[in-house]
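Where a number appears in this text, it was derived from the coordinates with a stated rule and is not lab data. For clarity, every value in this text was computed on a predicted model and none was experimentally measured. Cβ atoms come from the backbone with ideal geometry, glycine included; neighbour counts cover every protein chain shown.
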Amino acid sequence: MKDAVPYERLDCSIGRIIHMLSHQMMRQDIMGIEDIGLTPMQNHVMRFILFASSVRDIYQRDVETEFSVRRPTATGILKLLEKNGYIIRVSVPEDARLKKIVPTKKGEDLRAQIIENISRMNRKLITGIPEEKLSVCRDVLENMLRNLRGDRGESK
């Protein structure tokens, strides 16, 4: 097996580094999970709902698509967020089966905390890295994301 990559190189592959970085970000708690009692997944879904709903209507299928989860998983997360008072589901006039997901006042109150925690994490991530390297890193990471999604266009 001449073309096999040595384990040491696999262990430090780009994918592994990205995974380790993602794991550290989750461990360092982007939103303050302990403070508000949400699981990591509920945390991410709530953040998505808060920011996406400020520009468009959000439905369960949007959560399913954004997080690549099946309907029962999304249903369970949304039921818990609703039970804990962070969201409500509202029927839409066009289709009684469709429920729009709307943050409650309690949910909206998280927005400032989330923004501060994201800013704190970003500051921590980029400390000591020159802007020109950050620009290249951002471009490369965006290209990788497009590659994985199958996007072939140059637009962002």
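Hey, can you rank 43-54, 90-101 by average C-beta count inside 10 Å, highest first?
Those peptides, ordered most packed to least, come out 43-54, 90-101.
Could you list which residues have their amide H under 5 Å from that of Ile58, counting only those 5 or more apart in sequence or on another chain, with H placed in the peptide plane?
Amide H neighbours of Ile58: Ile101.
May I ask you to list the GluC sites (Glu not before Pro) in the stretch 100-156 that are in a DSSP loop and have at most 15 other Cβ atoms within 10 Å of their Cβ?
Glu154
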